[in-house]
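Structure, as structure tokens:
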Amino acid sequence: MSGVLVHLPSDGRTVITPAPEPVSLRLGPGDVARFGRGSASVPVDLRLADPAVSRLAGEVRVTEDHWQLSNLSTSQTYLVENPEGAGEYFRVPPRRAGAPVPFEFARVVLPARDSAVTFQVFAPDHAYLGTNGTAVTAGTGTLAGFSLDETSTYFLVLLALCEPRLRDESPVAVATTPQIVERLRNRPGCERLTARAVSSHIDYLADEKLRITTPASAAASGPGRGVRRTGKREAVAALALRFGLVREDHLGLLPPRSAALQRTGVTQG
């Protein structure tokens, strides 16, 4: 691992309005950066100027193949977010030492008095094994857990359903059926897509492709039956995003957003 870049775009209060003089630290394997409010007797590498932050709040440690976060606070829980993902994050509880971080780009969030205190960590690309030389054993081949055709209409419906979360516009909202119809109207082959057809595609995804588990109260009426439509859409989107079945690089399959926004009279600013 070539190391990581720890970046404090401002005094740590926000990543939206960076200060003129941000702080960046390059760390190699074995290096440690301490962060916190700091003092004359408690030096830190990243100073987070907020009274709610401990003088020595935590450490970033780089290993050979990943980096770790230690929470040295006795009472505060920190968050590590994936800004490039679909709302993924995990918590690092007080006194947790050496929590491994799986994200290539991460935002560390600390509770503060006025607004969240944050800094960013950029790690090198993850390493993956090649397919050459992979051992092949005799017997039945392994089946795909989720088999989706990325050229199909149902995949476009799934993509439009998840678009608000993929674009980080909302951590919880999914597109409504009318919004999906409007979003795909300018896509070749989807000009005549109706709300009923979109609902059928979502049912097909939930019942056949993703095999969404239904609540016990609805189990007696069969897979997917009796489940509130909104709840089904949310469950489909949550599972697809959790397993990376739709990703940001799929968004290019959708029509340009300007066309759909102009149709509804919404202006971009």
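Taking all protein chains together, Lys209, Lys232 sort by accessible area into Lys209, Lys232, largest first [probe 1.4 Å]. Rolling a 1.4 Å probe over the protein chains gives Ser170 an accessible area of about 20 Å². Amide hydrogen proximity for Arg37: with H placed 1.01 Å from N in the peptide plane, the residues at 5 or more positions away or on another chain lying under 5 Å are Leu48, Ser54, Arg55, Leu56, Ala57.
Simple spin-label estimate for Leu129 and Tyr89 gives 3.4 nm between the two label positions (7 Å along the Cα-to-Cβ direction from each Cα).
Taking amide hydrogens as placed 1.01 Å from N in the peptide plane, the amide H of Val117 sits under 5 Å from those of Leu110, Ala112, each at least 5 positions away in sequence or on another chain. Close amide-amide hydrogen proximity is noted between Thr63 and Gly30, Gln68, each under 5 Å apart and 5 or more residues distant or on a separate chain (H modeled in the peptide plane; Pro and chain starts excluded).
The values are calculated or read from the model by the stated rules, or taken from the named source; none is laboratory data. In this text, all values refer to a predicted model and were calculated from it rather than measured experimentally. Note that we place each Cβ from the backbone using ideal geometry, even for glycine, and neighbour counts take in every protein chain shown. Side chains are part of the model used for accessible areas, which takes the heavy atoms of the whole protein and leaves out ligands, DNA and RNA. Shrake-Rupley method; radii C 1.70, N 1.55, O 1.52, S 1.80 Å.
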